[in-house]
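Worksheet: one structure, shown below.
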Amino acid sequence: METSSTPSSSTSLASVLPWALFTLITIAVSRFVVLLASSPLNQIPNAHWSAPFSSLWILYIRYNDAETETLAELHKRLGPVVRLGPNDVSIDSIDYVKTVYTGPFNRTKWYNIFVNYGVHCMFSVIPVKEHAMRKRMISHVYSKSFLQTSPAVADQARAILLDRLVPILTESTAADKKSKSVEMFSLFQATTMDFITAHIYGLRNSTNFLQNPSVRKDWFEMYLTRFGAFFFMQELPELTKFVAKLNIFPSLRMVTDATNELADWNRTLYEKTAERLDSQLDSQDRQSAPEDEPTVVKSLLASIEREKTSHGSDSILYNTVLQNPMVSAQSEVYDHIIAGQETTSSTLTYLTWQLSVHQDVQDLLRKELLQLKAEEDSSSPFLPDPRTLDGLPILHAVIVETLRLYAPFEGPLPRQTPESGCQLGPYKLPGGVRIAALAHTLHRDSSVFPDPETWDYTRWIGADEKEKNERNRQFWAFGSGGRMCIGSHFAMQEIKSIITAIYSRFKTHVIDDSTMDNDDIEPEMEQLYLRFEAL
Ligand code: HEM
């Protein structure tokens, strides 16, 4: 029997092979071309000539941290829907925002950077029902009515503002420190960290970053270490995981180390709180000062226990939260700390900057605050009730205008079209398309916000009702729909208290704002030096 090829059969194989290869390539290319030509996204204007068949261009833009300004320019030129890649679309229209963010459009794995200790929290979890249940478990302690009436929240604010922040600012005005300026981003980062950790863990077990600048500096350095890796973790997660496993890049090792250290830091705060709650239960000693109440942890653990008792293994949270209550709670509250402090401190920095640049607005705001002080016949240090502060129009307007122009989450917030697809105006999109809107462009729509690059608080109080409603509808600093920010009321109340504590006692003047007009709203860029003058 002949087992080897004869010269004639190998010749024929050699002559057939190139043809087979050619046919295969032709089939693959024509299939690619047919797919390209038949994609429903073809109707949408392309951001770049390569967008229909490659994501390389948009990845390059994202890598260079240039997505926000690039999208702003593209939407101006190409309209409210723009194709960024084969399966990637950007929108800039409040009606389309409504369709996407209040409809059945899930978050994507892009949010996995918010997974802590290897388990999901509300921010990162994808399924809609599971998310809604997690949110219900804690939304009460972040509601406006709860925050405005909670004795714990009120006492924590008094302790942080009157015992820590105001003395630091007063000291900076001392005669021998006349020329001394205060770096505001770092100060606000400390203030907001103290606020959010006090709400979560109670004052006794929370941070005291305001009075410990070196501790906060170390924390912040660790936090910033992670920033450089976000692009890779969000846009190329599988590759990043693989490369991290190889353990050959020192910068990735640093990111992993910083992530672990920050996670340990939070675990320590959590464990101290849990221990205290246990010992209170054991000793039947439920009495503690209101400010030491660990409101969020206590409420979350109680909700988990209730869900366990009422639904047990039938609960949709059984395999996740109920099986791992402690680590789930740690992951959840850690996320609130991260989501809550940088956003709020950035807003406060931009707001005090604008108030220092616009001394006339600062004077008007102060007048509004001092009017309240004059009406109060209290001998205790001035810090009005949050409900009273909530009714002050100028205070509210300056904050909202700052959130409009300097939205901390100004970039795209990605979602995925549902399996059944969706209709956006003239465009029919299939399922599985990445789609996102961004506050930056919505907040610069000149038909709603005339002269949009100008910080002008009067657009929130001077306008007629119709204009005001339109502006409120377009305001997207906290997002919208089921995934809207859970901490929006906390942030607003906190910012109002901090601004009141400052501007009812001091005038502020710019000493150095050279990095502030940088378009990039990122913590490492924001450095603002102000001088405080006591009233
Ligand atoms: C000025 C301050 C703040 C701004 C501008 C802000 C902005 C936002 C935005 C835009 C989202 C929606 C993200 C998306 O749709 O993908 C969000 C979600 C969230 N924020 Fe905030 N935030 C602020 C303060 C806070 C605070 C103080 C907390 C503390 C609890 C917090 C916790 C969260 C959480 C847990 C989510 C996820 C909500 C969910 O998935 O349902 N934020 N925030």
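Got the relative contact order for the chain handy, in percent, Cα pairs under 8 Å and 6 or more residues apart? Mind showing how you got there, number by number?
Working: 690 pairs, mean separation 118.2, N = 535.
Averaging sequence separation for qualifying contacts and normalising by length gives 22 percent for the chain.
Longer than 25 Å from Cα to Cα, which of 144/468; 373/466; 367/496; 129/298; 466/507; 180/373 are they? Say none if no pair is.
On the way: 144/468 22 Å; 373/466 33 Å; 367/496 15 Å; 129/298 23 Å; 466/507 35 Å; 180/373 28 Å.
Among 144/468; 373/466; 367/496; 129/298; 466/507; 180/373, the Cα-Cα distance tops 25 Å for 373/466; 466/507; 180/373.
Could you tell me the calculated FRET efficiency between residue 254 and residue 320, based on Cβ-Cβ distance and R0 = 30 angstrom, to the nearest 0.05? Walk me through the numbers before you get to the answer.
Details: r = 30 Å, r/R0 = 1.01.
The formula returns an efficiency of 0.50 here.
Relative contact order (percent) for the range 59-189, with alpha-carbon contacts under 8 angstrom and 6 or more residues of separation? It would help to have the intermediate numbers written out before the result.
Working: 58 pairs, mean separation 10.9, N = 131.
About 8 percent, as a whole number.
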Three-way shape label, the chain, alpha-carbon gyration tensor, a/c 1.5: prolate
Positive-end residue, the chain charge dipole about Cα centroid, Cβ charges, pick of 487, 196, 236: 236
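Give the calculated FRET efficiency between residue 204 and residue 390 to the nearest 0.05, with a Förster radius of 22 Å applied to their Cβ-Cβ distance. Mind showing how you got there, number by number?
Details: r = 28 Å, r/R0 = 1.27.
E between residue 204 and residue 390, to the nearest 0.05, is 0.20.
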In which sequence would 470, 305, 401 go, from the one with the fewest C-beta neighbours within 10 Å to the one with the most? 305, 470, 401
For the range 108-121, 3J(HN,Hα) per residue [Karplus equation, 6.51 cos²θ - 1.76 cosθ + 1.60, θ = phi - 60°, Hz, x = Gly/Pro]: 10, 5, 3, 7, 5, 5, 8, 6, 10, 6, x, 10, 5, 10
Rounded, prolate or oblate for the range 160-233? Axes are the square roots of the Cα gyration tensor eigenvalues, ordered a ≥ b ≥ c, and the cut-off for rounded is a/c under 1.5. oblate
Once the piece of chain linking residue 136 and residue 376 is laid out straight, how much longer is it, given 0.36 nm per residue of separation minus the C-alpha distance between them? 82.6 nm
Please compute the Kirkwood hydrodynamic radius over the range 119-190, one decimal place, Å, based on all pairs of different Cα atoms. 15.9 Å
Rank these for me by crowding, 126, 495, going from fewest to most other beta carbons within 10 Å. 126, 495
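Tell me the mean residue ellipticity at 222 nm calculated for the chain from its helices only (DSSP H runs of n ≥ 4, each -39500 (n - 2.57), averaged over every residue, nearest 500). It would help to have the intermediate numbers written out before the result.
On the way: 21 runs with 289 residues, N = 535.
Here the helix-only value at 222 nm equals -17500 deg cm²/dmol.
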For the Cα atoms of the chain, what angle does the longest principal axis make with the long axis of helix 213-225, in degrees from 0 to 90, nearest 10? 10 degrees
Ranked from highest to lowest mean number of other Cβ atoms within 10 Å per residue, what is the order of the peptides 83-92, 444-453? 83-92, 444-453
Enumerate the calculated ³J(HN,Hα) couplings along the range 196-209 in order (Karplus 6.51 cos²θ - 1.76 cosθ + 1.60, θ = phi - 60°), each rounded to whole Hz, writing x wherever the residue is Gly or Pro. 5, 5, 5, 5, 6, 9, x, 4, 4, 9, 8, 7, 10, 5
Any idea what the alpha-carbon Rg over 2.2 N^0.38 Å comes to for the range 17-154? 1.53
Could you name the aspartates and glutamates in cross-link range of residue 245, using Cα to Cα under 19 Å and dropping any fewer than eight places away on the same chain? 235, 257, 261
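Note down the relative contact order for the range 297-368 as a percent, whole number, built from C-alpha pairs under 8 angstrom at least six residues apart. Please list the in-between numbers first.
Details: 20 pairs, mean separation 15.3, N = 72.
After rounding, I find 21 percent.
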What FRET efficiency, computed as 1/(1 + (r/R0)^6) with R0 = 51 Å and r the Cβ-Cβ distance, is obtained for residue 309 and residue 242, rounded to the nearest 0.05? 0.75
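Which of 58, 248 has the fewest other C-beta atoms within 10 Å, and how do the rest follow up to the most?
Details: 58 24, 248 9.
In increasing order of surrounding Cβ atoms, one gets 248, 58.
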Which value, in debye to the nearest 20, gives the size of the charge dipole of the range 244-345 about its Cα centre, when Lys and Arg are +1 and Asp and Glu are -1 at the Cβ? 320 debye
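Is the shape of the range 296-455 best called rounded, prolate or oblate, per the rule: a/c under 1.5 gives rounded, else a/b larger than b/c gives prolate, else oblate, with a ≥ b ≥ c the square roots of the Cα gyration tensor eigenvalues?
In terms of gyration-tensor shape, oblate.
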Can you find, among 182, 108, 74, the residue farthest towards the positive end of the dipole of the range 72-214? Put +1 on the C-beta of Lys and Arg, -1 on that of Asp and Glu. 108
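Read-outs: derived from the displayed coordinates by stated rules, not from any lab. Since the structure is predicted, the reported quantities are computational estimates derived from the model, not experimental observations. Glycine gets a Cβ as well: all are built from the backbone with ideal geometry, and neighbour counts include every protein chain shown.
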